[in-house]
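Everything below concerns the one structure shown next.
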Amino acid sequence: MIEAPRPSPDPAGPAVPRLLRTITLVGLMGAGKTSVGKRLAALLHVPFVDSDTEVATAAGMSIPEIFASLGEPAFRDGERRVIARLLGAGRPIVLATGGGAFIEPRTRAEIAGLATSVWLRADVDLLWDRVRDRPGRPLLQTADPRAALADLDRRRAPIYAEASVIVDSRRGATHEAMAREILGAVAAHDRAREGGPATLEMLP
Ligand code: S3P
C-alpha cells in the first residue's frame, strides 16, 4: 500500500473532493490502471493499492510464478480474497485490479457492493503498444500475444461495461489528465444517482 499523506491545505489550490467510497479501476492490461490509479490516489490524498502487488506479496511469489506453479484458478482465488479484504477494511482507497479480477463473478459482486468501479477503456492498438515490450503477463505468453489480447478484449468488454463508470484511456493523455477525467466522471455518476451511496464529497 502506498500512503499519500494529506498535505496542509493550500488556500490557493483547487478544491479536492474527499473520497467516501473506494474507487476500483478495472480493464485490460495496459489500460493504465496502476499509473493513473497512483495519480488519482495522490490527488485524493488516499492510499493506492494494486491487487496484483498484494496477491504477489501474500503468495511470496511473482504473478508469473503463481500462474506457473499454482495455476490460474489459485491466482483468481487469491485475487478475490485480497480484493474482498481490501474492500472490507472500510477505508476508502484507490484500488487498481488485475485485468481478470472484474471478470470473476464473485469478485465483481464484491466490487459492486462496496466500491465504485471505473472501466478504463482503451482500444487494442493502444493496449498492445503499452504491453508489447513488457514481459510478466502470463496470459500473453502465446505464439500470437496480440491476438490473445484482442481475444480477451472481445470476451471481456461486455463485462467491463457493467462498471459504474466508463472512462476512455486516450493516447498521449497524461496520468494527471486521466485522473482528473475519472474524478469528473465519478462526480457525474454521483449526481446522476442522487440518493445512492456517494463516492465523492465535494468540499467548498
Ligand atoms: C491479468 C492481468 C494482470 C495480472 C495477471 C492476469 C488478466 O494484471 O493480474 O497477469 O487476466 O488480464 P494487469 O491488468 O495489471 O496487467
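The values are calculated or read from the model by the stated rules, or taken from the named source; none is laboratory data. Note that this is a predicted model, so its numbers are computed, not measured. Here the Cβ positions follow ideal geometry from the backbone for every residue, glycine too, while neighbour counts run over all protein chains shown. Heads up: the accessible areas ignore ligands, DNA and RNA and are worked out on the full protein's heavy atoms, side chains in. Shrake-Rupley method; radii C 1.70, N 1.55, O 1.52, S 1.80 Å.
Laid out as a table, the results:
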item	result
Wholly within segment 82-169, helices (runs of 4 or more DSSP H) carrying at least 3 residues that are open to solvent by less than 40 Å² (accessible area, probe 1.4 Å) and within 14 Å of the ligand (Cβ to nearest atom)	124-131, 145-160
Segment 68-90 residues that are on the phi > 0 side of the Ramachandran plot, paired with ones that are open to solvent by 40 Å² or more (accessible area, probe 1.4 Å) and more than 12 Å from the ligand (Cβ to nearest atom) (beta carbon under 9 Å, 6 or more apart)	Gly90/Leu114
Residue in segment 29-81 that is nearest to the ligand (Cβ to nearest atom), counting only those that are touching a Lys or Arg at 6+ places or on another chain (Cβ under 6 Å) and farther than 25 Å from Ala148 by Cα	Phe48
In segment 182-204, the residues that are assigned to a helix (DSSP H, G or I) and open to solvent by 70 Å² or more (accessible area, probe 1.4 Å)	Arg191, Ala192
Residue within segment 4-18 that is within 16 Å of the ligand (Cβ to nearest atom) and either touching a Lys or Arg at 6+ places or on another chain (Cβ under 8 Å) or at pLDDT below 95 (or both) present	no
